[in-house]
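Asks: There's a structure below that I have some questions on.
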Amino acid sequence: MSGRRIEGARHARVTGSVPLTGRAWRTIALAGALAFAVTSPVRAATSGRAVSLAPSETRVVAVGPVGLTVSDLDRAVEFYAGVLEFRKISEVEVAGEAFERLEGVFGARARVALLQLGDEQLELTQYLAPEGLVFPAGSRGNDRWFQHVAIIVSDMDRAYARLREFKVRHASTGPQRIPDWNKGAAGIRAFYFRDPDGHFLEILSFPPDKGAARWHATDRLFLGIDHTAITVTDTEKSLAFYRDRLGFRVAGESENHGTEQEHLNNVFGARLRITSLRAERGPAIEFLEYLSPRDGRPYPADARANDLVHWQTRLEARSLDGVWRGLRSAQAHFVSPGPVTLPDTVLGFRSGLLVRDPDGHAMEVVER
């Protein structure tokens, strides 16, 4: 492992309710903007070309939980449970060679909490050792390390008022309504904010004529996670990874722009191509390709799972070995040395591997 992870002076810890800004991530800083997280019905997703789908043994069948690294697990759980109404369902402490190999962090010991909202789950991980880099500052949504989860709410005004009550940090100016010209998403409202470590989150509400039936329940304010969104450089390259190699299906596409988009993302001139993909079960994965501005920075080559910038989305596969062989033949960038068998199933699976997509986003492929 690089000496970068050993020097204590380079592993400052987040201690306040806002992210620190003193880390020199070379040229990096994490995403401060998001895209509208809804897509219209799929239109010419394959541009008329025949698509060679992944063989059944290498397909991903489920997505989730979505994981992120936090600096203080107790504080993070209090935020997600107390403000956003997630329910904590488990907590474990993990260490050992298998966990180190899986996550690519030597000497790792971590506390891991699993939270649930509706049918979806978040996995929060605090590395007790070694502590990673703090959340980078001065970021924008077109930087390629950006990721968020979209939490559906039954009432946007009430949800926004609740976030204001808890003095949650804004990322958007305020809730934005997708305009009527955008037929596939007209009337949808969205707002972006940040958790105590600086991770970006979204709340989103659907008008009566859009969204799944369960997103129109009125018995709760926060209903569940619709998708996780990632910024990508090239949609076609990302489709080759997720659709052609892992068997995701394209569920929708849209192109979003205008003053609402700019104020939602806090990126002047933002114009995005958005593509939604789904497996058989679980939340969607959305690509956010910035058609403009195109000055986003690449994912840092030295990022590790214990850095606060790290998200990892769990993908359940029919055959972990099949996925490993297929991605290896495609020269994918693996964090794990290969499939790793864990000594138990406290993390919810017995074997897995961590791999990065073409833009550096970490995907944890597992087999139960």
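Asks: Mind checking whether some residue in the stretch 274-297 is under 22 Å from E103 (Cα atoms) and not in a strand (DSSP E or B)?
Replies: Within the stretch 274-297 (the criterion being under 22 Å from E103 (Cα atoms) and not in a strand (DSSP E or B)), the answer is no, since none of the residues qualifies.
Asks: Related question: List pairs: first in the stretch 56-71 and farther than 16 Å from R249 by Cα, second among the aromatic types (F, W, Y), Cβ under 6 Å, 6+ apart or cross-chain?
Replies: L68/W311
Asks: Further, regarding this structure: Considering (1) in a loop (DSSP other than H, G, I, E, B); (2) closer than 23 Å to D119 by Cα; (3) free of Cβ contacts under 8 Å to residues at least 60 places away in the same chain; (4) in contact with a strand residue (DSSP E or B) (Cβ under 6 Å, 6 or more places away or on another chain), say which one G269 fails and leave the rest.
Replies: All conditions are met except number (2).
Asks: Related question: Give the residue that is modelled with the lowest pLDDT, with candidates limited to residues of the stretch 127-169 that are surrounded by fewer than 22 Cβ atoms within 10 Å (Cβ to Cβ) and in a strand (DSSP E or B).
Replies: R169
Asks: Go through the stretch 264-316 and report how many residues are over 23 Å from R194 (Cα atoms), touching a Ser or Thr at 6+ places or on another chain (Cβ under 7 Å) and of a type in the set (D, E, K, R).
Replies: Summing the residues that are over 23 Å from R194 (Cα atoms), touching a Ser or Thr at 6+ places or on another chain (Cβ under 7 Å) and of a type in the set (D, E, K, R) in the stretch 264-316 gives 2.
Asks: Would you point out which residue out of R144, R164 is under 15 Å from the mean Cα position of the chain (by Cα) and either free of Cβ contacts under 8 Å to residues at least 12 places away in the same chain or under 20 Å from Y290 (Cα atoms) (or both)?
Replies: Values: R164 fails: under 15 Å from the mean Cα position of the chain (by Cα).
Answer to the selection: R144.
One line per residue, one yes/no per condition, for (1) surrounded by 23 or more Cβ atoms within 10 Å (Cβ to Cβ); (2) at pLDDT below 90; (3) β-branched (V, I, T); (4) within 24 Å of A362 (Cβ to Cβ):
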{"residue": "N266", "(1), (2), (3), (4)": "no, yes, no, no"}
{"residue": "P293", "(1), (2), (3), (4)": "no, no, no, no"}
{"residue": "P298", "(1), (2), (3), (4)": "no, yes, no, yes"}
{"residue": "D307", "(1), (2), (3), (4)": "yes, no, no, yes"}
{"residue": "T313", "(1), (2), (3), (4)": "yes, no, yes, yes"}
{"residue": "A317", "(1), (2), (3), (4)": "yes, no, no, yes"}
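Matching residues to (1) over 22 Å from N142 (Cβ atoms); (2) out of contact with any His (no Cβ under 6 Å at 6 or more places or on another chain):
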site: D155; (1), (2): yes, yes
site: V168; (1), (2): yes, yes
site: A185; (1), (2): no, yes
site: R189; (1), (2): yes, yes
site: H199; (1), (2): no, yes
site: E202; (1), (2): no, no
site: I225; (1), (2): yes, yes
site: G247; (1), (2): yes, yes
site: N266; (1), (2): no, yes
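Asks: Considering (1) outside any helix (DSSP H, G or I); (2) loosely packed, with under 12 Cβ neighbours inside 10 Å, say which one A190 fails and leave the rest.
Replies: The number of the failed condition is (2).
Asks: Is it the case, given these coordinates, that I285 is closer than 26 Å to S329 by Cβ, buried (at least 21 other Cβ atoms within 10 Å of the Cβ), under 18 Å from the mean Cα position of the chain (by Cα) and not acidic (D, E)?
Replies: Yes, satisfied.
Asks: A further question on this structure: How about the stretch 87-104: which of its residues are touching a residue at least 40 places away in the same chain (Cβ under 8 Å) and either within 30 Å of L163 (Cα to Cα) or not in a loop (DSSP other than H, G, I, E, B) (or both)?
Replies: The answer is V92, V94, A98, F99, R101, L102, E103.
Asks: Can we say V112 is without any contact (Cβ under 8 Å) to a residue 60 or more places away in the chain and among the hydrophobic types (A, V, I, L, M, F, W, C)?
Replies: no
Asks: Being closer than 22 Å to F248 by Cα and not in a loop (DSSP other than H, G, I, E, B), is that true of even one residue in the stretch 337-346?
Replies: Scanning the stretch 337-346 turns up no residue that is closer than 22 Å to F248 by Cα and not in a loop (DSSP other than H, G, I, E, B).
Asks: Would you please list the contacts, defined by Cβ atoms under 6 Å and residues six or more apart or on different chains, that run from a residue in the stretch 184-207 that is at negative phi to a residue that is among the polar types (S, T, N, Q)?
Replies: Correct list of pairs: G184/S40; G184/S254; R189/S205; A190/Q176; F191/S172; Y192/S172; P196/S17; D197/S71.
The values are calculated or read from the model by the stated rules, or taken from the named source; none is laboratory data. Because the structure is predicted, anything quoted here is derived from the model rather than measured. Using ideal geometry, Cβ is built from the backbone for each residue, glycine included, and neighbour counts are taken over all protein chains shown.
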